[in-house]
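A quick write-up on the structure given underneath.
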Amino acid sequence: MSLWELANPTLFMRLSGRMLPVLWVLAAATLATGLIWGFFGTPEEARQGASVKILFIHVPAAMMAINIYAMMFVTSLVWLIRRHHVSALAARAAAPVGATMTVLALLTGAFWGQPIWGAPWDWDPRLTSFFILFLFYLGYIALWAAIEDPDKAADLTSVLALVGSVFALLSRYAVNFWNQGLHQDATLSLDSRTNIDNAFWVPLLICIAGYFLLFLALLLVRTRTEIRARRLRALMLSGVH
Amino acid sequence: MPELGKYAFAVLSSYAVTLIGIAVLIAITLWRARKVRRDLARAETMMRRRHE
């Protein structure tokens, strides 16, 4: 089956309906395992002490905030080029999840920053680009809500998603190339010398997988809802009510 | 409960905010899904009746 066939709403509803129960169970099990392991089963870090436990909720939330925007970039592009409605609705469905992840990353970062940096926030390039990403999420959600015609809303929000992806990209790589400000360098690395210790690395990977599975489950439920809402709108316009 | 020392407030607040945030996100998602599904079923029933 080609990926484009999933753009058929009927097929999408059928397949996603089958996948959802499994996804919910996997997400709950993975997230619970990762968080419990991270909170109860990891040692203190030499410099950051017990505050390192915030790693297991901060890093996955930040990664999801950026990757969800990347997903919105791709689905928006698909809408603009191929006009598949499911694609535009998936981007719309993902935005509130991405905005929530951004807020959680900002808040947990502030809680972490206070004892380690001595300040919850600093307008350094890394943190600021992440905050601007949050504003793009809000703008994207507000634009969808403000425009009555769904196709026109999809067009304009897709363009906004493309523009905002610059900040998603900046947020993603700012920790690597912007060596100023309070935020530390990237936590994860493929180089074993600079990567974090395995005692933290394994539960962190499980938490990241848990966040990803949770996002997938939420995305499917929310996209199904958007498809139904569009059908409902069509029925209402055809004079049912 | 692990010994959190002077970081107890930061760690516990972070976990509390995260768990509450995720719980609210799931609750709103499921609530809206249920509401739209119910409204659509009602609208489809009305349409069917109208065509009969």
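None of the figures in this text is laboratory data; all of them are computed from the coordinates on show. Nothing here was measured: the structure is a model prediction, and the numbers come from that model. Neighbour counts are summed over all protein chains in view; Cβ atoms, including those assigned to glycine, are modelled from backbone coordinates with ideal geometry.
Using each residue's phi in the stretch A:82-93, evaluate 6.51 cos²θ - 1.76 cosθ + 1.60 at θ = phi - 60° and report the 3J(HN,Hα) Karplus result to the nearest Hz, with x for Gly and Pro.
Coupling constants for the stretch A:82-93: 10, 6, 8, 5, 4, 5, 5, 5, 5, 5, 4, 5 Hz.
Can you tell me how the stretch A:1-145 classifies by the Cα gyration tensor, rounded, prolate or oblate, using a/c under 1.5 as the rounded cut?
On the way: a/c = 3.39, a/b = 1.56, b/c = 2.17.
Oblate is the answer for the stretch A:1-145, as a/c is 1.5 or above yet b/c matches or exceeds a/b.
Kindly provide log₁₀ I(q)/I(0) values, in the same order as q = 0.12, 0.14, 0.16 Å⁻¹, from the Debye equation applied to equal alpha-carbon scatterers of the protein assembly as shown.
-0.82, -1.06, -1.30
Give the cross-link partners of B:LYS35 among the aspartates and glutamates, using a straight C-alpha distance below 19 Å as the criterion and excluding same-chain residues fewer than 8 apart.
B:LYS35 reaches A:GLU226, B:GLU44.
A:ILE196's amide H: which non-local residues (gap 5+, or another chain) put their own amide H closer than 5 Å, with H modeled 1.01 Å from N in plane and none for Pro or chain starts?
For A:ILE196, the qualifying residues are A:SER189.
If you plug each phi of the stretch B:43-52 into the Karplus form 6.51 cos²θ - 1.76 cosθ + 1.60 with θ = phi - 60°, what whole-Hz ³J(HN,Hα) values come out, in order, with x for Gly and Pro?
5, 5, 5, 4, 5, 4, 4, 5, 7, 6
Work out the mean other chain Cβ neighbour count within 10 Å for the residues of B:3-13 and drop it here as an integer.
On the way: counts 3, 6, 4, 4, 13, 2, 3, 13, 12, 3, 7.
The mean count of partner-chain Cβ atoms within 10 Å per residue comes to 6.
When we measure straight from the Cα of B:LYS6, which lysines land under 29 angstrom away, once same-chain ones fewer than 8 places off are left out?
Correct list for B:LYS6: A:LYS53.
Based on the Cβ-Cβ distance from A:TRP37 to B:ARG34, what FRET efficiency comes out when R0 is 41 Å, to the nearest 0.05? Display every interim value, and only then the final one.
Numbers: r = 33 Å, r/R0 = 0.80.
Efficiency, rounded to the nearest 0.05: 0.80.
In peptide B:15-23, what is the residue-averaged number of other protein chain Cβ atoms found within 10 Å of each Cβ?
Numbers: counts 9, 1, 7, 13, 3, 1, 8, 10, 0.
What the average comes to for B:15-23 is 6.
Can you show me the helix-derived [θ] at 222 nm for the protein assembly as shown, built from DSSP H runs with n ≥ 4 at -39,500 (n - 2.57) apiece and divided by the number of residues, rounded to the nearest 500. Let's see the in-between values first.
Details: 7 runs with 227 residues, N = 293.
Roughly -28000 deg cm²/dmol at 222 nm, from the helical runs in the protein assembly as shown.
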